[in-house]
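Working notes for the structure below.
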Amino acid sequence: MPFKGKRALVLGVANKRSIAWAIAKRLADGGAEVAFTFQGERIEKNVRDLAASVSSPLVTELDVRDDAAIERVFAEVGQVFGGKLDILVHSVAYAAAEDLEGRFTDTPRDRFWMAIDVSAYSLVATARAAQPLMAAAGGGSIVTMTYLGGERAVPHYNVMGVAKATLDSSVKYLAWDLGEQNIRVNAVSAGPVRTLAARSIAGFPTMESIVEERSPLHRHVDAEDVGAAAAYLLGDGAKNVTGTTLYVDSGYHAMGM
Ligand SMILES: NC(=O)c1ccc[n+]([C@@H]2O[C@H](COP(=O)([O-])OP(=O)(O)OC[C@H]3O[C@@H](n4cnc5c(N)ncnc54)[C@H](O)[C@@H]3O)[C@@H](O)[C@H]2O)c1
């Protein structure tokens, strides 16, 4: 039971295909107590049902654009976990569908900032809110989800790539700030996984087939593979790993062609 006695908060479960759910399941199977947030009534029942299946002590609403909601959620987490938190999983991203279809050049100002707000600033805001609870636990581990499209131009990924670049850099600055309190911050860079968010990326099937054709392992990645990598980063086996990105993409990132 690698996570026995650990207290975790997981942001970003929408349904059973969500990467966040694969991670949460690993944590719960490993003995952690797992609290969940959901965004919007539309997915509330899904998340409540999944959370109940792992005997979650807390399921609460969170729109990461809302600072007051972040404050409320972390107060609730503090209450159910006796003022302590060991693990934060950030698996949240959003960009308008039209910005994942056309040219990046045409992204309007408001939707550019929205993508960065939801997909990158949310890590900064939630890490800051988690900090006192993790410090009270003697340290903690934070994992976020990124993609190669933040480092290289991937057709159609567009403004989400810019948001991931911001997220990747935020991981490093947070790792520096929070390391003092034994809080680690890392990212998993996943290859294409069929989820709700992935469906809004035009050309997603092409991304999948290119990985299959050109990656060293010539195969798809699934949410469970990503869950296993996140579990490593969240666990004590990674106690000296921070500010890093672990690629779970069949090796695609290593290729030049
Ligand atoms: N699926 C992939 O191929 C892939 C690859 C690399 C990285 N990722 C990243 O993994 C993470 C999880 O995505 P997923 O693929 O599991 O899809 P998903 O749709 O299951 O999860 C995305 C989550 O973001 C949440 N969200 C969106 N806007 C929000 C807001 N304002 N406040 C709070 N929550 C909000 C949604 O409710 C949803 O739960 C994202 O960061 C995504 O960019 C996915």
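The values are calculated or read from the model by the stated rules, or taken from the named source; none is laboratory data. Worth saying up front: this structure is predicted, and the values here are computed from it rather than measured. Positions of Cβ are backbone-derived with ideal geometry, glycine not excepted, and every protein chain shown enters the neighbour counts.
Against the test of being surrounded by 15 or more Cβ atoms within 10 Å (Cβ to Cβ), in contact (Cβ under 8 Å) with a residue 60 or more places away in the chain and of a type in the set (Val, Ile, Thr), the options 77, 59 yield a single qualifying residue, 77.
It is to be established whether one or more residues within the range 96-111 are aliphatic (A, V, I, L, M) and either under 19 Å from residue 125 (Cα atoms) or touching a strand residue (DSSP E or B) at 6+ places or on another chain (Cβ under 8 Å) (or both). No, the range 96-111 contains no residue that is aliphatic (A, V, I, L, M) and either under 19 Å from residue 125 (Cα atoms) or touching a strand residue (DSSP E or B) at 6+ places or on another chain (Cβ under 8 Å) (or both). Reported count of residues in the range 205-222, each being of a type in the set (A, V, I, L, M, F, W, C) and surrounded by fewer than 20 Cβ atoms within 10 Å (Cβ to Cβ), is 2. Scanning the range 201-227 for residues that are within 11 Å of the ligand (Cβ to nearest atom), more than 14 Å from the chain's Cα centre (by Cα) and under 20 Å from residue 151 (Cα atoms) yields 201, 204, 207, 208, 211, 221.
Among the residues of the range 236-257, what is the count of those that are surrounded by fewer than 19 Cβ atoms within 10 Å (Cβ to Cβ) and assigned to a loop (DSSP other than H, G, I, E, B)? The number of residues fulfilling the criteria is 9.
Residues in the range 149-202 that are closer than 24 Å to residue 97 by Cβ and of a type in the set (S, T, N, Q): 158, 166, 189, 195, 200. On the stretch given as the range 208-257, residues that are among the hydroxyl-bearing types (Ser, Thr, Tyr) and farther than 22 Å from residue 153 by Cβ total 3. If you check 97, 153, 136 for being surrounded by fewer than 21 Cβ atoms within 10 Å (Cβ to Cβ) and at pLDDT below 95, only one passes: 97. Here residue 61 fulfils each of the conditions (1) of a type outside the set (S, T, N, Q); (2) more than 15 Å from the ligand (Cβ to nearest atom); (3) farther than 23 Å from residue 228 by Cα; (4) touching a strand residue (DSSP E or B) at 6+ places or on another chain (Cβ under 7 Å) apart from (2).
The residue that is surrounded by the most Cβ atoms within 10 Å (Cβ to Cβ), counting only those in the range 25-47 that are within 11 Å of the ligand (Cβ to nearest atom) and assigned to a helix (DSSP H, G or I), is 47. When 243, 227, 251, 203 are checked against the criterion of being on the phi > 0 side of the Ramachandran plot and in contact (Cβ under 8 Å) with a residue 60 or more places away in the chain, 243 stands alone in meeting it.
For the range 141-149, check the following and say yes or no: at least one residue is surrounded by fewer than 24 Cβ atoms within 10 Å (Cβ to Cβ), free of Cβ contacts under 8 Å to residues at least 40 places away in the same chain and within 11 Å of the ligand (Cβ to nearest atom). The answer is yes, given that some residue of the range 141-149 is surrounded by fewer than 24 Cβ atoms within 10 Å (Cβ to Cβ), free of Cβ contacts under 8 Å to residues at least 40 places away in the same chain and within 11 Å of the ligand (Cβ to nearest atom). Just one of the numbered conditions (1) away from the ligand (no atom under 16 Å from the Cβ); (2) of a type in the set (A, V, I, L, M); (3) within 20 Å of residue 221 (Cβ to Cβ) is not true of residue 13: (1). The set of residues in the range 162-182 that are within 17 Å of the chain's Cα centre (by Cα) and touching a residue at least 40 places away in the same chain (Cβ under 8 Å) comprises 162, 163, 164, 166, 167, 168, 170, 171, 172, 174, 175. If you go through the range 106-120 one residue at a time, do you hit one that is more than 12 Å from the ligand (Cβ to nearest atom), without any contact (Cβ under 8 Å) to a residue 12 or more places away in the chain, more than 16 Å from residue 73 (Cβ to Cβ) and among the polar types (S, T, N, Q)? Looking for residues that are more than 12 Å from the ligand (Cβ to nearest atom), without any contact (Cβ under 8 Å) to a residue 12 or more places away in the chain, more than 16 Å from residue 73 (Cβ to Cβ) and among the polar types (S, T, N, Q), one finds none in the range 106-120, hence no.
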